[in-house]
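A short worksheet on the structure shown next.
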Amino acid sequence: MKISIYGDQFMKAEVFEEVIKRDLGLHDATYYKTNALWPDEPFHNEYGKGDFSKIKEYLGTSEQVVNAIGDSEILINHIAPISEEILKQVPNLKFIGVSRGGPVNIDLEACKKFGVTVSNAPGRNASAVAEFTVASILAETRLITKGHQSMIEGQWRGDLYRYDITGKELCEMTVGLVGYSHIGKRVRNLLLPFGCKIIFTDPFVDPDEIDVKNNIEKVSKKN
């Protein structure tokens with residue numbers, strides 16, 4: 001079995017290989033590893049042109065990707081573009097595992113046409129996004145960014161400590177979560193120790209045991 005891994009500086013190919021061997025036991029497979037320069041080099045954010053017109057958020061050229069895949073049957077991919085033209089040149093490829101919530105850098109229609117199965121990873125960055133969300137809430141409610149910047153500039157912003165400016169603490173506030181799936185519930189779990197009131201809205205999710213125990217209310221337009 002030949003496995004091509006197209007990683008980058010955020011998700012190294014070597015890490016993928018280690019996990020595949022550990023969890024799947026594929027120690028005898030032949031691994032071809034490539035690491036793109038993202039995020040040191042920005043990816044192409046919008047839909048591309050020509051053969052790349054159906055994909056976005058990718059980094060790499062057709063030649064680079066074809067060379068990286070070679071005659072592999074499996075591709076583990078993070079940010080490499082996969083287009084119909086690329087698939088024509090890698091006839092052995094049968095499976096693509098994309099370590100992203102949405103495989104926007106993959107032409108799914110072309111994969112279906114060539115009989116290539118694609119699997120993605122919904123919610124894979126939920127923990128990081130939830131942590132960043134709570135960090136942003138704290139930064140805004142405690143005016144951390146403004147205070148830090150003023151200290152760097154050698155200024156004392158005593159006004160940032162005035163009650164009429166800083167306002168309530170998080171434990172006195174109500175936090176509303178719009179969407180209550182992978183990320184929303186992780187944000188809830190991180191916020192619970194702060195003692196704030198939490199409400200959420202999501203037409204596809206009902207309160208669970210944790211919500212009931214902590215008096216977390218689901219609201220809707222009718223409310």
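The values are calculated or read from the model by the stated rules, or taken from the named source; none is laboratory data. Please read all numbers here as calculations on a predicted model, not as lab measurements. Here the Cβ is made from the backbone with ideal geometry for all residues, glycine too, and neighbour counts use every protein chain on show.
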Per-region count, segment 29-51, residues modelled with pLDDT of 95 or more and over 20 Å from the mean Cα position of the chain (by Cα): 6
Residue match in segment 155-162 (condition: farther than 30 Å from residue 122 by Cβ, without any contact (Cβ under 8 Å) to a residue 12 or more places away in the chain and of a type in the set (S, T, N, Q)): yes
Exclusive hit being free of Cβ contacts under 8 Å to residues at least 12 places away in the same chain, aliphatic (A, V, I, L, M) and within 25 Å of residue 12 (Cβ to Cβ), set 128, 121: 128
Selected residue (only one of 127, 53, 62 is farther than 20 Å from residue 4 by Cα and in contact with a helix residue (DSSP H, G or I) (Cβ under 9 Å, 6 or more places away or on another chain)): 127
Within segment 71-104, tally of residues that are surrounded by 18 or more Cβ atoms within 10 Å (Cβ to Cβ) and touching a residue at least 60 places away in the same chain (Cβ under 8 Å): 9
Residue within segment 139-152 that is small (Gly, Ala, Ser), assigned to a loop (DSSP other than H, G, I, E, B) and surrounded by 11 or more Cβ atoms within 10 Å (Cβ to Cβ) present: no
Residues satisfying the stated conditions in segment 164-211, i.e. surrounded by 15 or more Cβ atoms within 10 Å (Cβ to Cβ), within 13 Å of residue 137 (Cβ to Cβ) and hydroxyl-bearing (Ser, Thr, Tyr): none
